[in-house]
Amino acid sequence: MNVPRELRYTKEHEWIRVEGGEAVVGVTDYAQGELGDVIFVELPSPGSKVTYMKAFGTIDAVKTVSDLFAPVTGEIVAVNGALKDDPALVNRSPYQDGWMVRIRLESPAEVNALLSAEDYEKTLGAHA
Amino acid sequence: MLETASALKRTPFYPRHVAFGAKMVPFAGHEMPIQYEGIMAEHRTVRTGVGVFDVSHMGEIRLTGSGAIALANRLVTNETGQQLPTGKVVYTPMCLESGGIIDDLLVYVLGDDRLLVVNAANFDKDLAWIQEHAHADVTVHDENADTAQLAVQGPKSEDVVARLYGDRVRSLAFYEGFEFGTGDDWTLVSRTGYTGEDGFEIYVRAPRALALWDRVFEAGQPEGIKPIGLGARDTLRLEMGYCLYGNDIDETTNPLEAGLGWTVRWDKSEFIGAEALRRFKELGVSRRLQGLILDGDKIARAGAEVDKDKASIGKVTSGSMGISIGRPVAMAYLAREVSAPGQTVDVITRGHAVPAQVTARPMYQHGSVRSPKPRRP
């Protein structure tokens, strides 16, 4: 299972990649594997606010639906429009083409509280 | 439903599931493959080619003895009596006196025996019910643990199964089968399935299970045969509007409202539930199980409310992606007055009203099971 070292994680299986004052968010390889084929990703519109560990969207897979939780507080500046036509990008490329939202960070220090790759892998130990 | 790993049964095919990379999940007390390469791809394999399901979790109960035919026919609503030719397979509900459905099952007509194939989750309940109604002239055999079953399904399944069992496979009509052999060599092959495609179900004794799996995959190599998990089994059956016990039917629903009126034979000898069902027929049912095809991409899950003009008219019992339809599909009990196909209703999906069209079942119209089979000379 792929858990890139340079990313931060939530125990709800989101990843976050900080780029300056913004961060890109998606779900992990483990999450996409557990969900199975993703068929719809519901995301907020750019401009809307998201709050740390509050649900901001949903992922529909064939067998189940799952909430997306915001790893950080901030404003959505972009959503991945490609997921509309090809939601399976989440399965094929969870860390790259399957990204979900770009958030402008309200307090960049929040990121430090998130799990490192190593700590995230430990939380999977119980499941995987 | 949480099930502890230690209590789960494994089917004889378990080593093959692991070898083929299946994701295993608890299902009806069994550790079963939910998917191998992915539900969407597996669904398409069955619609266009041929796939193999391990359905050994299904329960087999054989009735023998001079009273076997009469008992089976008294337990179920469809005709399974003396006049049926051997090899005939009958889909039927088994009802309570109330008309509520205890289970839906297949009854195999095998000479003077009747083989009942029931849902895994209902096996213990069904066996107890059957034993309770059996007189001394019937022996009830629990063949569940001894029997393994593969479903070989898809438009290319006939060639594969004919390679294993010869040309008599090709002459089977839908819902016909044959058995041969005794002891560990016993085999039952029928042209049946739960996918909407042409297909076969093959039953063998557990010691022969792995050999069967290997022979099926060898025979299906030219067709690119693949293993299919329970995830795709669910999306395939849902597109066809086939009922799943526990979701779409249970002891609080009756065959008439479930759209299974065609399985209730009013002209046959007396059966359990007949009186209640006759009453429902006279009064008319208050709700009907219908198909829904939703706008957009959001899936309606079981339990979602269905509204018409902002008033609640029913609830979704099964919902998923209609992978071959290209839209989310569902089944729902709808109040009779507003259950006619063609109407637009709203499905309340996570707070949003999603428009949906009421559709007759099957929602998917292109399954090979409905096409007339070309016969070879």
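The values are calculated or read from the model by the stated rules, or taken from the named source; none is laboratory data. Quick caveat, the model's predicted, so the values are computed rather than measured. Here the Cβ positions follow ideal geometry from the backbone for every residue, glycine too, while neighbour counts run over all protein chains shown.
Of the helices (runs of 4 or more DSSP H) lying entirely inside the stretch B:1-94, those carrying at least 1 residues that are touching an Asp or Glu at 6+ places or on another chain (Cβ under 7 Å), farther than 22 Å from B:GLN131 by Cβ and within 14 Å of chain A (Cβ to nearest Cβ) are B:39-48.
Can you pull out every residue in the stretch B:217-228 that is more than 14 Å from chain A (Cβ to nearest Cβ) and surrounded by 22 or more Cβ atoms within 10 Å (Cβ to Cβ)? Within the stretch B:217-228, B:GLY220, B:ILE225, B:PRO227 meet the criteria. Taking residues in the stretch B:339-352 that are away from chain A (no Cβ under 14 Å), and partners anywhere that are in a loop (DSSP other than H, G, I, E, B) and β-branched (Val, Ile, Thr), not one pair has Cβ atoms closer than 7 Å while being at least 6 places apart or on different chains.
Evaluate the following for B:GLU257: is it crowded, with 16+ Cβ neighbours inside 10 Å and under 16 Å from the mean Cα position of the chain (by Cα)? Considered against the rule, which asks whether it is crowded, with 16+ Cβ neighbours inside 10 Å and under 16 Å from the mean Cα position of the chain (by Cα), B:GLU257 comes out as no. Taking first residues from the stretch A:107-128 that are acidic (Asp, Glu) and partners that are modelled with pLDDT of 90 or more, the Cβ contacts under 8 Å between residues at least 6 apart in sequence or on separate chains come to A:GLU110/A:TYR52; A:GLU110/A:PRO71; A:GLU110/A:VAL72; A:GLU110/A:THR73; A:ASP119/A:TYR9; A:GLU121/A:VAL3. Just one residue in the set B:GLU270, B:GLU275 is surrounded by fewer than 22 Cβ atoms within 10 Å (Cβ to Cβ), charged (D, E, K, R), part of a loop (DSSP other than H, G, I, E, B) and not assigned by TED's automatic domain parsing to the domain that holds B:GLY81; that residue is B:GLU270. Just one of (1) within 14 Å of another protein chain (Cβ to nearest Cβ); (2) in contact with a Leu (Cβ under 8 Å, 6 or more places away or on another chain) fails for A:MET100. It is (1). Considering the stretch B:110-129, and only residues there that are out of contact with any Gly (no Cβ under 9 Å at 6 or more places or on another chain) and in a helix (DSSP H, G or I), the residue that is farthest from B:GLY67 (Cα to Cα) turns out to be B:LYS125.
Of all residues in the stretch A:54-77 being surrounded by 15 or more Cβ atoms within 10 Å (Cβ to Cβ), more than 10 Å from chain B (Cβ to nearest Cβ) and of a type in the set (A, V, I, L, M, F, W, C), which is farthest from A:ILE103 (Cα to Cα)? For the stretch A:54-77, the residue satisfying everything is A:ILE59.
The single condition among (1) within 24 Å of B:THR11 (Cβ to Cβ); (2) surrounded by 19 or more Cβ atoms within 10 Å (Cβ to Cβ); (3) of a type in the set (A, V, I, L, M) that B:ALA145 does not meet is (2). Only residues that are under 14 Å from the mean Cα position of the chain (by Cα), more than 14 Å from chain B (Cβ to nearest Cβ) and in a loop (DSSP other than H, G, I, E, B) were counted in the stretch A:1-49, giving 8. Any idea which residue in the stretch B:290-316 is farthest from the other protein chains (Cβ to nearest Cβ), counting only those that are touching a residue at least 60 places away in the same chain (Cβ under 8 Å) and buried (at least 22 other Cβ atoms within 10 Å of the Cβ)? Residue satisfying both the conditions and the ranking: B:GLN290. Just one of the listed residues (B:GLY231, B:GLY319) is at negative phi, out of contact with any Ser or Thr (no Cβ under 8 Å at 6 or more places or on another chain), within 14 Å of another protein chain (Cβ to nearest Cβ) and part of a helix (DSSP H, G or I), and it is B:GLY231.
Only one entry in B:GLN365, B:GLN357 is surrounded by fewer than 19 Cβ atoms within 10 Å (Cβ to Cβ) and either in contact (Cβ under 8 Å) with a residue 60 or more places away in the chain or basic (Lys, Arg) (or both), namely B:GLN357. Of all the criteria given as (1) small (Gly, Ala, Ser); (2) touching a helix residue (DSSP H, G or I) at 6+ places or on another chain (Cβ under 9 Å); (3) in a strand (DSSP E or B), the one not satisfied by A:GLY57 is (2). Inside the stretch B:174-214, residues that are surrounded by 14 or more Cβ atoms within 10 Å (Cβ to Cβ), farther than 25 Å from B:HIS43 by Cβ and free of Cβ contacts under 8 Å to residues at least 60 places away in the same chain make up a count of 4. Please work out which one of (1) within 24 Å of B:GLY322 (Cα to Cα); (2) part of a loop (DSSP other than H, G, I, E, B); (3) among the small types (Gly, Ala, Ser) is the condition A:SER66 fails and give its number. The failed condition is (2). If you filter the stretch A:82-93 down to residues that are assigned to a loop (DSSP other than H, G, I, E, B) and within 14 Å of chain B (Cβ to nearest Cβ), you find that the one that is farthest from the chain's Cα centre (by Cα) is A:ASP86. Would you point out the residue of the stretch B:192-228, among those that are aromatic (Phe, Trp, Tyr) and not in a helix (DSSP H, G or I), that is nearest to the chain's Cα centre (by Cα)? Among them, the one singled out is B:TYR194. Quick one: would you say B:ARG350 is in contact with a helix residue (DSSP H, G or I) (Cβ under 8 Å, 6 or more places away or on another chain) and either of a type in the set (Lys, Arg) or surrounded by 22 or more Cβ atoms within 10 Å (Cβ to Cβ) (or both)? When the stated conditions are applied, B:ARG350 does not pass them.
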